[in-house]
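Comments concern the structure below.
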Amino acid sequence: MSQHFIHKLNHCSWCMTSFSLESSQYNTTEQLQYTQAEHLHKQAIMAKRVAVILSGCGVYDGTEIHEASAVLVHLSRAGAKVQMFAPNADQMHVVNHCDGKPTEEKRNILQESARIARGEVTDLAKLDVSAFDAAIIPGGFGVAKNLSDFAVKNKECTIQPHLEKLIKAFHKAGKPLGMCCISPILAAKLLPGCELTVGQDKECEKWPYAQTAGVVKEMGCKYVNKDVEEAHVDVKNKLVTTCAFMCNAPIHNIFDGIGILVKETLKLA
């Protein structure tokens, strides 16, 4: 066999090897791109749609801002699609957050909630349960003053009419509800026999609002003591609750407890 022919053969072999390697690299890149696109598509399909229901802006007369922020951060991290809602109605009253005293001002719950939602908030009356996989309600005195009259009537309270229909509709549809801080009183009123927590039931410096546990027991609930970094899951009723600022604890502990609530709520969705 001539040296010239062998050289030609070796050159062809190198070309084939090079082409094969390039094809392999192309196929690997193409497969990676397809896998990434498929993953993003699946993520879009799997993203949970969550309604977050607000009650104003500010702990003493509306939504507890840190709790709302924690809920939104954890939902964002989990890839959930969020829409915020609030009643288009006047607050029970307006509280000066410097001295804790009511003022003569009038404020609208929806407009105040827009401060937290950066303007992106919808009238609660327009919430369509079929468009969502779950709902979460942060705490704050607005729950007991604007979403209900618990602050005035205690266990004899009534719930804001639109919200009452929505909670019952989510429950009937088997869609989970997450409730922080004082908001579990809404479930206590509307879901007889449900299991929930607002923290511990023995009052002390760490648990200044422990008497609320006694009230929800009187409302017919099964009460469960939980610490601030925990949440209770009522699997039967698809209800997840955590105490948040019902506990006198560092804010990072409250943030972590709300993270558990969000995680468990999404798992049920």
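Among the residues making up the stretch 63-107, those that are among the acidic types (Asp, Glu) and open to solvent by 40 Å² or more (accessible area, probe 1.4 Å) are ASP90, ASP99, GLU104, GLU105. Within the stretch 231-245, the set of residues being open to solvent by 30 Å² or more (accessible area, probe 1.4 Å) and not basic (Lys, Arg) comprises VAL233, VAL235, PHE245.
Pairing residues of the stretch 200-225 that are within 24 Å of ASN253 (Cα to Cα) and part of a loop (DSSP other than H, G, I, E, B) with residues that are open to solvent by 70 Å² or more (accessible area, probe 1.4 Å) and acidic (Asp, Glu), at Cβ distances under 9 Å and at least 6 apart in sequence or on separate chains, gives TYR209/GLU203; ALA210/GLU203. Scanning the stretch 108-138 for residues that are surrounded by 18 or more Cβ atoms within 10 Å (Cβ to Cβ) and touching a residue at least 60 places away in the same chain (Cβ under 8 Å) gives ILE116, ALA117, VAL121, LEU124, LEU127, PHE132, ASP133, ALA134, ALA135, ILE136, ILE137, PRO138.
Can you find even one residue in the stretch 192-212 that is more than 20 Å from the chain's Cα centre (by Cα), crowded, with 22+ Cβ neighbours inside 10 Å and on the phi < 0 side of the Ramachandran plot? Yes, there is a match, as at least one residue in the stretch 192-212 is more than 20 Å from the chain's Cα centre (by Cα), crowded, with 22+ Cβ neighbours inside 10 Å and on the phi < 0 side of the Ramachandran plot.
Only a single item in (1) free of Cβ contacts under 8 Å to residues at least 60 places away in the same chain; (2) open to solvent by 20 Å² or more (accessible area, probe 1.4 Å); (3) not basic (Lys, Arg) is not met by VAL228, and it is number (2).
Of the residues making up the stretch 139-163, those that are touching a Lys or Arg at 6+ places or on another chain (Cβ under 9 Å), closer than 20 Å to LYS126 by Cβ and open to solvent by 60 Å² or more (accessible area, probe 1.4 Å) number 0. Checking each residue in the stretch 246-261 for being in contact (Cβ under 8 Å) with a residue 40 or more places away in the chain and either assigned to a loop (DSSP other than H, G, I, E, B) or surrounded by fewer than 24 Cβ atoms within 10 Å (Cβ to Cβ) (or both) picks out CYS247, ASN248, ALA249, ILE251, PHE255, GLY259.
The values are calculated or read from the model by the stated rules, or taken from the named source; none is laboratory data. Values in this document were obtained by computation on a predicted structure and should not be read as measured data. Backbone-built Cβ (ideal geometry, glycine too); neighbour counts: all protein chains shown. Please note that ligands, DNA and RNA were not included when accessible areas were found on the heavy atoms of the full protein model with its side chains. Shrake-Rupley method; radii C 1.70, N 1.55, O 1.52, S 1.80 Å.
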